[in-house]
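Engineer: Okay, handing you the structure first.
Any read-out appearing in this document is the output of simple, stated calculations on the displayed coordinates, not a laboratory observation. Keep in mind that what you see is a predicted model, and the values were worked out from it rather than measured.
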């Protein structure tokens, strides 16, 4: 088959011309290939680059989630430590004895 013939058959096939569809299917069958095989091969070749990008994005998301989790874990640890320190300080204040300060009346100045 010449290049010119192949182009014409491809154009006719694209227009869903019955004779072109039949001829393409016969050519594929003679080679032991189906249109589905060709479509899958094309999708695999094209999608490899997309899969690489998706995998890269997935790794970035996983890394970001891990960093977020680690940050939240650190914040919780600081909260616990601060909470313990505040409770300990309050307990110390409550348990402490403070001297009672008596109220002393203020001296009045003489008015002239």
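Engineer: Can you give the angle from 0 to 90° between the axis of helix 18-30 and the longest principal axis of the chain, with both taken from C-alpha atoms, to the nearest 10?
Structural biologist: Here the helix axis deviates by roughly 80 degrees.
Engineer: How far, in degrees from 0 to 90, does helix 35-95 lean away from the longest principal axis of the Cα atoms of the chain, to the nearest 10?
Structural biologist: Between helix and principal axis, roughly 10 degrees.
Engineer: The list (1) 2, 14, 20, 22, 19, 12, 7, 4, 1, 0; (2) 2, 9, 10, 9, 8, 7, 6, 6, 5, 5, 5, 5, 4, 4, 3, 3, 3, 3, 2, 1, 0, 0; (3) 2, 8, 7, 8, 7, 5, 5, 5, 5, 5, 4, 4, 4, 4, 4, 3, 3, 3, 3, 2, 2, 2, 2, 2, 1, 0 gives values of P(r) over Cα pairs in 5 Å bins from 0, in percent, and only one came from this structure; which label was calculated from it?
Structural biologist: Matching the structure shown: (3).
Engineer: For the Cα atoms of the chain, what angle does the longest principal axis make with the long axis of helix 3-14, in degrees from 0 to 90, nearest 10?
Structural biologist: Taking Cα atoms only, the helix is inclined about 60 degrees.
Engineer: Quick check: the distance between the Cα centres of the stretch 62-95 and the stretch 5-55, to the nearest angstrom?
Structural biologist: Their Cα centres are 62 Å away from one another.
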